[in-house]
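The structure appears right after this line, and notes come after that.
The values are calculated or read from the model by the stated rules, or taken from the named source; none is laboratory data. Being a predicted model, the structure only gives us computed values, none of them experimental. Neighbour counts run over all protein chains shown; Cβ positions are idealised from the backbone, glycine included. Protein only, heavy atoms only, side chains kept; ligands, DNA and RNA dropped before computing areas. Shrake-Rupley method; radii C 1.70, N 1.55, O 1.52, S 1.80 Å.
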Amino acid sequence: MSSESERGEPADGEWASAGDGKFGRYGGQYVPEALMPAIQELTDAYERYVLNNEDGFMDEFRRRIRDFGGRPTPLQRADRLSERYDTEVYLKREDLLHGGAHKLNNALGQVLLAKYMGKERIIAETGAGQHGTATAMAAAHLGMPCEVYMGERDINRQRPNVFRMKINGSEVTPVTTGRGTLKEAISETMRDWATNVEDTHYVIGSVVGPHPFPRMVRDFQALISEEARRQVREKAGRLPDSVVACAGGGSNTMGSFHHFVGDADVDLFAVEAGGSSLAVDEEEGVAPNSASLSTGTEGVLHGARTKLLQDHDGQIVESHSVSSGLDYAGVGPELAHLVDEGRVTPVNVDDDAAIEGFHRLSQEEGIIPALETAHAFGYLHEHHDELGDVTVINVSGRGDKDLDTAIEETAKRDVANAPDMSMFEGGLR
Amino acid sequence: MSDAVDDEGDDADDPAVDDSVADAFADGPAFVPYLAVGDPDYESSLAYVEALERGGADVIELGLPFSEPIAEGPTIQNAVVRALEAGMTPERFFEFVEDLDVDVPLVCMTYYNLIYQFGSEQGPRPFVERAASVGISGFVVPDLPAEEAGPLREACDEFGLHLISIVAPTTDDDRLGTLVDVSSGYLYVQARLGVTGASSSVSDRTGESLARLSGVDLPKAVGFGISSDEQAATVVEAGADGIIVGSALVDIVADGHERGESTESVADRLETKARELKRGALDGYGRRPPAPEGTSD
Ligand SMILES: Cc1ncc(COP(=O)(O)O)c(C=O)c1O
């Protein structure tokens with residue numbers, strides 16, 4: 001593991017096989033039989049193209065994510081936050097990646113892989129719309145038709161991203177079941193996949209779903225920690241004491257952590273959405289949070305065994321977060337495993353702290369973060385003295401998509417550090 | 001049935017393997033209807049399942065509603081939502097099976113998380129034990145491919161229950177072997193790709209699938225999209241040992257619920273529809289060429 005981390009790349013042969021898809025007790029392939037041959041085909045393609053660079057796949061991916069995507073993203077020292085918290089704070093600026101979030105790393109990787117596999121159509125689910133947008137952009141870039149499923153509620157929360165997907169030529173299909181958020185969108189995309197599996201690739205947007213998705217998505221996102229590890233050594237002259245990232249499904253988290261997992265002295269914090277409360281209302285079948293790592297229990301959802309928000313019977317409960325990208329009842333199996341192993345510390349902050357984090361980063365550093373990302377800054381604010389002398393925080397995405405929600409959510413509560421909101425009544429429209 | 005069942009068959013405590021499923025397929029094509037249990041409410045649902053038996057059901061698949069039914073189309077998804085809203089739970093499901101007054105074998109169709117979470121210990125055993133105690137004969141679990149089925153297969157063997165696997169049009173010969181190894185009772189042959197739902201034509205791929213399965217020593221019941229007697233006949237003529245019908249029946253329940261029809265009248269319509277489908281299956285059987293190589297073109 002350490003040699004892998006050293007070079008920011010796997011040692012030859014170390015990853016030659018896709019493995020069995022298990023992370024300790026988590027992972028696996030719990031999908032309808034109709035999908036199994038496609039999943040086997042994908043596992044094979046992952047092994048050949050991603051792990052073994054067949055036909056120069058990884059070279060092409062790295063070239064495109066550089067030229068089209070804008071990598072490497074900077075690691076910026078946050079001067080004012082460093083001063084405020086009396087600790088060195090470094091920001092990994094995934095918000096500067098094309099599309100405005102880390103999501104492009106994975107979307108471009110998978111759409112390119114689909115092309116190598118000879119697939120003709122791309123489908124994806126999206127919560128915040130960032131993954132949908134990234135997939136729509138990658139599909140337009142590579143000339144593939146694309147359909148994106150999005151919960152009705154999320155469509156209303158994330159209108160700018162819906163428009164971005166559409167102008168990139170993707171179809172956006174509203175999902176009306178359940179509460180109309182990410183969980184429902186994933187189920188609906190799996191249904192489409194089961195129908196059109198022979199020519200369609202499903203670009204899953206996080207480190208979730210059946211094997212090989214959790215590993216493959218992590219590998220595409222691991223560019224984040226590959227760069228950050230090198231950059232922090234250059235800038236701070238040492239490895240960080242801690243790495244902090246927000247966790248919905250966990251893709252920016254796993255991407256930020258991967259090349260640090262072997263560094264025992266680096267603490268890894270996955271910040272979940274605490275929503276309005278950590279309790280689960282079994283009667284109502286809702287959890288007013290999305291903290292599946294902190295409060296969830298083991299179960300099987302969307303193709304993998306992992307930690308889930310569920311009731312006593314095993315029915316999946318509806319989650320909640322101000323940020324639609326974190327609003328999901330499950331989490332990646334590898335992250336669940338690393339938490340069980342004690343390698344990753346799951347923490348959470350509530351909606352209020354996230355909104356404050358949103359305003360603080362905007363005011364103090366001139367960076368308007370996504371509400372997802374804002375959770376990581378909420379955590380920094382509340383727990384900076386537990387993070388050591390050097391901290392890397394992943395700025396998973398920018399907040400342009402969230403301005404309407406930020407106005408609405410700020411107006412709803414007493415936010416000490418918000419600007420005067422009275423002139424925004426009625427939103428931006 | 002799978003070899004695994006017989007491996008330790010000399011243990012005197014082993015429960016007898018349920019023969020009722022094999023019997024249901026023994027003479028003539030079997031009609032296997034599906035309903036979501038508790039849709040739209042517990043009492044009506046009891047009446048509906050009993051109506052299916054009167055209409056000629058040979059095996060009945062009882063859906064235990066799960067909140068994320070990823071293999072289900074809109075018809076059954078909506079039924080699942082109605083049933084959950086009316087308070088259906090795994091324990092209520094088992095009570096339902098006990099309350100049910102039918103003689104045909106009952107198969108529980110549900111998703112793995114409910115099986116896994118049931119009871120005090122995690123894992124499938126408590127669920128299977130409870131299912132066996134109320135007289136369930138087997139399971140269909142759409143999100144549990146052969147690769148992940150080991151623990152459930154083991155529990156089924158322990159309690160003498162069947163694990164019925166779904167064979168998809170995309171299942172190749174390699175996978176077929178793995179799948180047959182963990183299966184017993186019958187094979188659920190998925191007539192077309194996609195999710196459950198009634199459709200107007202039966203896919204050509206059904207015949208292909210049946211031909212590929214001709215060497216497999218388990219009854220083959222075809223499902224996904226069958227909604228009429230004519231389709232039932234076509235599928236049986238093509239070599240199916242049974243037909244599975246879900247959405248077309250759930251549609252009748254949904255329709256009756258929406259129009260505020262009485263439980264008796266919906267039950268009557270279900271019974272009539274069941275009769276029609278069963279007759280279709282028998283007609284298809286009669287049309288079969290006498291040779292055992294019964295593939296249509
Ligand atoms: C900016 C941003 N950060 C984080 C997330 C959460 O996803 P993940 O946990 O997979 O990184 C999303 C999801 O849409 C997002 O848009």
Quiz item: Could you give the radius of gyration (one decimal) and Dmax (whole number) of the Cα atoms in chain B, in Å?
Solution: 17.9, 56
Self-check item: Charge context of A:ASP79, other residues only, Cβ under 13 angstrom, K/R +1, D/E -1
Solution: -1
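Is there a simple number for the mean count of other chain Cβ atoms within 10 Å of the Cβ of residues in A:37-44, and what is it?
Working: counts 7, 1, 2, 4, 1, 0, 0, 0.
Partner-chain Cβ atoms within 10 Å, mean over residues of A:37-44: 2.
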Self-check item: Long-range amide H partners of A:ALA418 with built H, under 5 Å
Solution: none
Practice problem: May I ask for the equivalent-ellipsoid semi-axes of the stretch A:354-421, computed as the square root of five times each C-alpha gyration tensor eigenvalue and listed largest first in whole Å? | Solution: 21, 13, 9
Quiz prompt | Gaussian network model of chain A, springs between alpha carbon atoms under 10 Å - residue of A:VAL111, A:VAL331, A:VAL317 with greatest fluctuation | solution = A:VAL317
Quiz item: Share of Cα-Cα pairs in the stretch B:1-157 beyond 25 Å, in percent?
Solution: 30
Practice problem: Amide H neighbours of A:TYR149 under 5 Å, at least 5 residues apart or on other chains, H built in the peptide plane: list them. | Solution: A:ALA124, A:GLU125, A:THR126, A:THR173
Quiz prompt | GNM flexibility winner over chain B from B:LEU161, B:LEU270, B:LEU218 (Cα, springs under 10 Å) | solution = B:LEU218
Practice problem: Would you be so kind as to identify which of B:GLY138, A:LEU142, A:THR181 lies farthest towards the positive end of the dipole of the protein assembly as shown, taking Lys and Arg as +1 and Asp and Glu as -1 on Cβ and the Cα centre as origin? | Solution: A:LEU142
Quiz prompt | Distance histogram for the stretch B:191-239 (every C-alpha pair counted, 5 angstrom bins, percent rounded to whole numbers) | solution = 5, 23, 33, 23, 13, 3, 0
Quiz prompt | Solvent exposure, largest accessible area first (probe 1.4 Å, DNA, RNA and ligands not counted), of B:ARG125, A:ARG229 | solution = B:ARG125, A:ARG229
Self-check item: Under 9 Å, Cβ to Cβ, from A:GLY27 - net charge with Lys/Arg +1 and Asp/Glu -1
Solution: +2
Quiz prompt | the stretch A:29-58-the stretch A:143-179 distance, computed between alpha-carbon centres (Å) | solution = 26
Quiz prompt | Relative frequency of Cα-Cα separations exceeding 16 Å in the stretch A:124-197, percent | solution = 40
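Restricting to the protein assembly as shown, compute how many DSSP beta bridges are antiparallel as a %, nearest 5.
The answer is about 20 percent antiparallel.
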Quiz item: In debye, nearest 20: dipole of the stretch A:261-329 around its Cα centre with unit charges on the Cβ of K, R (+) and D, E (-)?
Solution: 200
Quiz prompt | Loop-located GluC sites (Glu not before Pro) in the stretch A:70-166, at most 15 other Cβ atoms within 10 Å (DSSP) | solution = A:GLU120
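Please state the shape class of chain A: rounded when a/c is under 1.5, otherwise prolate if a/b exceeds b/c and oblate if not, all from the C-alpha gyration tensor.
Verdict is rounded for chain A.
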Self-check item: Pairs from A:LYS166/A:LYS401; A:LYS22/A:LYS307; A:LYS119/B:LYS220 whose Cα-Cα separation, in the structure shown, is over 24 Å
Solution: A:LYS119/B:LYS220
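Per residue of A:305-313, how many C-beta atoms from partner chains lie within 10 Å of its own C-beta, taken as a mean? Present the calculation step by step, with values, prior to reporting the outcome.
On the way: counts 4, 0, 0, 2, 0, 4, 3, 4, 13.
Mean partner shielding for this stretch: 3.
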Practice problem: Could you go through the stretch A:337-352 in sequence order and give the Karplus-derived ³J(HN,Hα) for each residue, using 6.51 cos²θ - 1.76 cosθ + 1.60 with θ = phi - 60°, rounded to whole Hz, and x for Gly and Pro? | Solution: 5, 5, 5, 4, 6, x, 7, 10, 9, x, 9, 8, 10, 8, 4, 4
Quiz prompt | Karplus-derived 3J(HN,Hα), 6.51/-1.76/1.60, for each residue of the stretch A:382-394, Hz, glycine and proline x | solution = 7, 10, 4, 6, 9, 9, x, 8, 10, 10, 10, 10, 7
Quiz item: So what is the diffusion coefficient of the stretch B:177-297 in µm² per second by Stokes-Einstein at 25 °C and 0.890 mPa s, using a Kirkwood Rh over Cα pairs?
Solution: 162
Quiz item: What residue among A:GLY132, A:VAL300, A:HIS201 has its Cα farthest toward the positive end of the dipole of the protein assembly as shown, where the charges are +1 on Lys, Arg and -1 on Asp, Glu, each on the Cβ?
Solution: A:GLY132
Self-check item: For chain A, built as a Gaussian network whose Cα springs stay under 10 Å, the top-fluctuating residue of A:ILE123, A:ILE316, A:ILE167
Solution: A:ILE167
Quiz prompt | Cα gyration tensor of the stretch A:224-348 - equivalent ellipsoid semi-axes, whole Å, descending | solution = 30, 14, 11
Quiz item: For the protein assembly as shown, what is Rg from Cα atoms divided by 2.2 N^0.38 Å, rounded to two decimals?
Solution: 0.99
Practice problem: Would you kindly calculate the mean projected area, averaged across all directions, of the convex hull enclosing the Cα atoms of the stretch B:145-229, in square nanometres? | Solution: 6.0
Exercise. Order the following by accessible area, largest value first: A:PHE68, B:PHE224. Probe radius 1.4 Å; ligands, DNA and RNA are ignored.
Key: A:PHE68, B:PHE224
Quiz item: Which value, in debye to the nearest 20, gives the size of the charge dipole of the stretch B:41-161 about its Cα centre, when Lys and Arg are +1 and Asp and Glu are -1 at the Cβ?
Solution: 140
Quiz prompt | Computed Kirkwood radius, in angstrom, where 1/r is averaged over Cα pairs of the stretch A:306-348 | solution = 11.5
Quiz item: Where nothing but the Cβ of Lys and Arg (+1) and of Asp and Glu (-1) is charged, how large is the charge dipole of the protein assembly as shown around its Cα centre, in debye to the nearest 20?
Solution: 3340
Quiz prompt | Inter-label distance for B:ALA26 and A:ARG80, nm, one decimal - labels placed 7 Å from Cα along Cα-to-Cβ | solution = 8.3
Quiz item: To the nearest 10 square angstrom, how much accessible area does A:LYS22 have with a 1.4 angstrom probe?
Solution: 90
Practice problem: Diagonalise the Cα gyration tensor of the stretch A:288-359 and give the resulting equivalent ellipsoid semi-axes, square root of 5 times each eigenvalue, largest first, whole Å. | Solution: 22, 16, 10
Quiz prompt | Farthest positive-ward along the protein assembly as shown dipole, Cα basis, beta-carbon charges - from A:VAL280, A:PRO419, B:GLY123 | solution = A:PRO419
